[in-house]
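Written below as structure tokens is the structure these notes are about.
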Amino acid sequence: MTTAIRSRGMLTLAEVCEELTISRSTFYDWRAKRRAPRCIKLPNGDLRIRRSDLDHWLDDREDAA
């Protein structure tokens, strides 16, 4: 199933946290404050983040300096 998720451009919460070098609790804090990238909540309660949503979210946070 992991291969199918990656082939559709979906990341697990663990993959996103690893890429951003943050803890799960930090991600959940950002999510509660509506500062996290858009998430998809699966029927089993797991979260997935589209690669495109994460990339867009990161672009929006880029400094214009």
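The values are calculated or read from the model by the stated rules, or taken from the named source; none is laboratory data. Just so it is clear, the model here is predicted, and its values are computed rather than measured. No Cβ is skipped: glycine too gets one built from the backbone with ideal geometry, and neighbour counts run over all protein chains shown. Accessible surface areas use protein heavy atoms only, side chains included; no ligands, DNA or RNA. Shrake-Rupley method; radii C 1.70, N 1.55, O 1.52, S 1.80 Å.
A few notes on this one:
- Note that the stretch 13-27 has calculated 3J(HN,Hα) couplings of 4, 4, 5, 5, 4, 5, 5, 8, 6, 10, 8, 4, 5, 5, 4 Hz, one per residue in order, obtained from phi through the Karplus relation 6.51 cos²θ - 1.76 cosθ + 1.60 (θ = phi - 60°); glycine and proline are x.
- Rounded accessible area per residue of the chain, 1.4 Å, Å²: 76
- Near the amide H of MET10, within less than 5 Å, lie the amide hydrogens of ARG51, all on another chain or at least 5 residues away, with H placed in the peptide plane.
- Once the chain from ALA32 to ARG51 is taken as fully extended at 0.36 nm per residue, the excess over their C-alpha distance is 4.8 nm.
- Label selected from [x] 73; [y] 98; [z] 56, the criterion being volume of the Cα convex hull per residue in Å³ as computed here: [y]
- Cα→Cβ-extended label distance, 7 Å offset, between THR21 and LYS41, nm: 3.1
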